[in-house]
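The values are calculated or read from the model by the stated rules, or taken from the named source; none is laboratory data. Owing to the predicted nature of the structure, the values given are computational and were not obtained by experimental measurement. Please note: Cβ atoms are built from the backbone with ideal geometry, for glycine as well, and neighbour counts cover all protein chains shown.
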Amino acid sequence: MDGARTGAIVLRHFYLLRGSLTRVVPLFIWVAIDIVLWGYIARYLNGVAGATFDFVPVLLGAVLLWDFCSRVMYGVSTAFFEDVWARNFVNLFSTPLSLSEYLGGLVVSSMITSAVGLAVMLVLAAGVFGLSVLGYGPGIFPFVLILFLFGVALGILGSGVVLRLGPAAEWFVWPIPALVSPFVGVFYPLATLPPWMQHFARLLPPSYVFEGLRTILAGGATPIDMLTLGAALAVMYVAIACWFFARIYRHAVRTGLLARYTAESVS
Amino acid sequence: MRTVLSVVGLRREYGKTVAVERITFQVGEGEIVGLLGPNGAGKTTTISMILGVLAPSAGTIEIDGADLATERSRALERANFAAVHAPLPGNLTVAQNLRIFGLLYGVQALSARIDALLGQFELQALRDVRCGILSSGEQTRVGLAKALLNRPRVLLLDEPTASLDPATARDIRTKIRAYAAEGEGGVLWTSHNMYEVEGVCDRVLFLSHGRILLEGDPKTLPPRYGKATLEELFIAVAREPLTLEGS
């Protein structure tokens, strides 16, 4: 793996961001709106419920972490879409760039763009609603890492879908976080879900993150077993997503899809 | 002459349609080879396979001794291309595109190389202009600058002068000839401009229905088949390939 080639993919994304307000603003505007919206909802619920339960860390903390996971996913897939929109596949994949270097570049690009969103969310949550996620201490990092890995997996998976089905399929990718969120218990314990949804939930790493966080907020110890299972699942999802993308890429090279990638190129 | 590109038994089929039928050819160091043929003859399919973006159904491709199938990165480090159908990303500037592709090809002393190419292709004034708003002729020059970034051993040019005015086209032809003459690499050149091919190519391959029908010196080939010019020969290949095959 050549770091310079991975760096080239990251640099490309940096150039695009630097020169484009329309690319920079979405990095933080939607997450900022989410924080403001859910922050006030949490405050309102606190007022209604009295002092018996603090909704701010439960709801706002959950929104913040889930939005981070979504931003990581969008970071990977948007970096990939830039090549779709610029019809850049022939130029890129006729260079010595390997698939792992390319995917590595997408992931590093996403780390940078999602960090911008995360920073804005942390500042807003702390400044406006008094929620300090960093106040949880270093114990929060494994949770964040699991969400990051799952976001990466979803991003690579979504990119594979678009590579296979053509640019119009990007509309399958944007709603993925919304589709997943009811299953992973972002706002409620998994026990709230019907049994068939709980079965799916157990297969998804974020379920363990949000269950674990609720355990800690309720005064329990950090659930190491949950974290371990969530991390193992997240790593597995990343591996599956990379395998899926590589398979789609090989199919695209074999069938000629890559050489003739257009808006209606499903074959 | 050392071989820089070796294509052996290359075949590509799409279902029951054969796009390229077991073609074999070589390009030598310092040589410019024209890959000619009517639309749909298999030229772009052949180039796509050499670039590694289309898998052959059969056959092997070696770029400067590196097998594309088994040593992909090593092989592609030694090749580059410019094609009208693959413009560089229009949302990046000329210099940004050259820097990114320079990094991808592992070019040493990249800034100096970019400056030299900007000078060579008279692109200094367009350095910070987004490629998407350049004229087609300027985009072609940027594409050629990118194609020469890594001093490729194999340079693939798919209709490189198609959108250029005659004066610029002549200038580009001179530059490519100079590049080949320096012995840095061999060139595989597709064009529909037979005047250009005659002036530039040392050897031509006529493709028809995915097969190499004729091969030889572009100056001596037409009389050998009873044609006055390369253009007449081209038309004959396009219209009556079977007649030529038998002669």
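Within region A:169-179, one or more residues are within 30 Å of B:Phe81 (Cα to Cα) and in a helix (DSSP H, G or I).
Could you grab me the full set of residues in region B:61-72 that are away from chain A (no Cβ under 12 Å) and free of Cβ contacts under 8 Å to residues at least 40 places away in the same chain? Those that are away from chain A (no Cβ under 12 Å) and free of Cβ contacts under 8 Å to residues at least 40 places away in the same chain: B:Gly65, B:Asp67, B:Thr70. Selection within region B:200-247: residues that are among the acidic types (Asp, Glu) and surrounded by fewer than 16 Cβ atoms within 10 Å (Cβ to Cβ). The member of this set that is modelled with the lowest pLDDT is B:Glu245.
Among the residues making up region B:84-132, a single one is touching a Gly at 6+ places or on another chain (Cβ under 9 Å), β-branched (Val, Ile, Thr) and in a loop (DSSP other than H, G, I, E, B): B:Val84.
Checking the structure you have, find out if any residue of region B:48-55 is over 23 Å from A:Leu163 (Cβ atoms), of a type in the set (A, V, I, L, M), surrounded by 22 or more Cβ atoms within 10 Å (Cβ to Cβ) and within 13 Å of chain A (Cβ to nearest Cβ). There is no residue in region B:48-55 that is over 23 Å from A:Leu163 (Cβ atoms), of a type in the set (A, V, I, L, M), surrounded by 22 or more Cβ atoms within 10 Å (Cβ to Cβ) and within 13 Å of chain A (Cβ to nearest Cβ). Of the candidates B:Phe121, B:Phe101, the single residue that is closer than 25 Å to A:Phe81 by Cβ and crowded, with 20+ Cβ neighbours inside 10 Å is B:Phe101. What do you reckon, is A:Tyr208 within 14 Å of chain B (Cβ to nearest Cβ), crowded, with 20+ Cβ neighbours inside 10 Å and of a type in the set (Phe, Trp, Tyr)? Spelling it out, it is not the case that A:Tyr208 is within 14 Å of chain B (Cβ to nearest Cβ), crowded, with 20+ Cβ neighbours inside 10 Å and of a type in the set (Phe, Trp, Tyr).
In this structure, does B:Phe81 turn out to be among the hydrophobic types (A, V, I, L, M, F, W, C), under 23 Å from the mean Cα position of the chain (by Cα), surrounded by 19 or more Cβ atoms within 10 Å (Cβ to Cβ) and in a strand (DSSP E or B)? In short, yes.
Of note, A:Thr22 satisfies the criterion of being β-branched (Val, Ile, Thr) and within 14 Å of another protein chain (Cβ to nearest Cβ).
To keep it simple, each residue is scored yes or no on (1) outside the structural domain of B:Leu188 (by TED's automatic domain parsing); (2) touching a residue at least 12 places away in the same chain (Cβ under 8 Å); (3) closer than 25 Å to B:Thr46 by Cβ; (4) of a type in the set (Lys, Arg).
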residue	(1), (2), (3), (4)
B:Asn97	yes, yes, no, no
B:Tyr105	yes, yes, yes, no
B:Leu118	yes, yes, no, no
B:Gln124	yes, no, no, no
B:Val129	yes, yes, no, no
B:Gly132	yes, yes, no, no
B:Gly137	yes, yes, no, no
B:Lys146	yes, yes, yes, yes
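In the list B:Ala58, B:Ala41, B:Ala75, which residue meets the criterion of being within 14 Å of chain A (Cβ to nearest Cβ) and under 18 Å from the mean Cα position of the chain (by Cα)? Of B:Ala58, B:Ala41, B:Ala75, the one residue that is within 14 Å of chain A (Cβ to nearest Cβ) and under 18 Å from the mean Cα position of the chain (by Cα) is B:Ala75. In summary, B:Ala58 fulfils each of the numbered conditions (1) in the same structural domain as B:Ala178 (by TED's automatic domain parsing); (2) touching a residue at least 12 places away in the same chain (Cβ under 8 Å); (3) buried (at least 22 other Cβ atoms within 10 Å of the Cβ) with the single exception of condition (3).
Scoring A:Ala259 on the criteria (1) within 14 Å of chain B (Cβ to nearest Cβ); (2) assigned to a helix (DSSP H, G or I) leaves a single failure, condition (2). Name the single residue that is surrounded by the most Cβ atoms within 10 Å (Cβ to Cβ) among those in region A:215-257 being among the small types (Gly, Ala, Ser) and more than 30 Å from A:Gly139 (Cβ to Cβ). Among them, the one singled out is A:Ala252.
The rows are residues; the columns are (1) more than 12 Å from B:Leu188 (Cβ to Cβ); (2) polar (S, T, N, Q).
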| position | (1), (2) |
| --- | --- |
| B:Val33 | no, no |
| B:Ala41 | yes, no |
| B:Thr46 | no, yes |
| B:Pro56 | yes, no |
| B:Ala75 | yes, no |
| B:Ala82 | no, no |
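Output yes when any residue across region A:26-43 is at the interface with chain B (Cβ under 8 Å from one of its Cβ atoms), over 24 Å from A:Ala168 (Cβ atoms), touching a residue at least 40 places away in the same chain (Cβ under 8 Å) and surrounded by fewer than 19 Cβ atoms within 10 Å (Cβ to Cβ), and no when none is. For region A:26-43, residues at the interface with chain B (Cβ under 8 Å from one of its Cβ atoms), over 24 Å from A:Ala168 (Cβ atoms), touching a residue at least 40 places away in the same chain (Cβ under 8 Å) and surrounded by fewer than 19 Cβ atoms within 10 Å (Cβ to Cβ): absent.
Of all residue pairs spaced 6 or more apart or on separate chains, none has beta-carbon atoms under 6 Å together with a first member in region A:1-14 that is facing chain B (nearest Cβ under 8 Å) and a second member that is surrounded by fewer than 21 Cβ atoms within 10 Å (Cβ to Cβ) and acidic (Asp, Glu). Name every residue in region B:1-38 that is touching an Asp or Glu at 6+ places or on another chain (Cβ under 7 Å), under 19 Å from B:Ala75 (Cα atoms) and either hydroxyl-bearing (Ser, Thr, Tyr) or within 14 Å of chain A (Cβ to nearest Cβ) (or both), in order of residue number. Within region B:1-38, just B:Ser6 meets the criteria. When region B:78-89 is filtered for residues that are facing another protein chain (nearest Cβ under 7 Å) and out of contact with any strand residue (DSSP E or B) (no Cβ under 6 Å at 6 or more places or on another chain), the ones remaining, listed by number, are B:Ala86, B:Leu88, B:Pro89. Considering region A:49-90, the residues that are β-branched (Val, Ile, Thr) and within 14 Å of chain B (Cβ to nearest Cβ) include one that is nearest to A:Leu179 (Cα to Cα), namely A:Thr78. Within region B:156-199, the residues that satisfy the criterion of being among the hydroxyl-bearing types (Ser, Thr, Tyr) and touching an Asp or Glu at 6+ places or on another chain (Cβ under 8 Å) are B:Thr161, B:Thr190, B:Ser191, B:Tyr195.
When you look at A:Val128, is it modelled with pLDDT under 95 and within 14 Å of chain B (Cβ to nearest Cβ), yes or no? No: the conditions fail for A:Val128. Look at region A:130-142: where a residue is assigned to a helix (DSSP H, G or I) and a partner is at pLDDT below 85, sitting 6+ places away or on another chain with Cβ atoms under 7 Å, you get A:Ile140/A:Val133.
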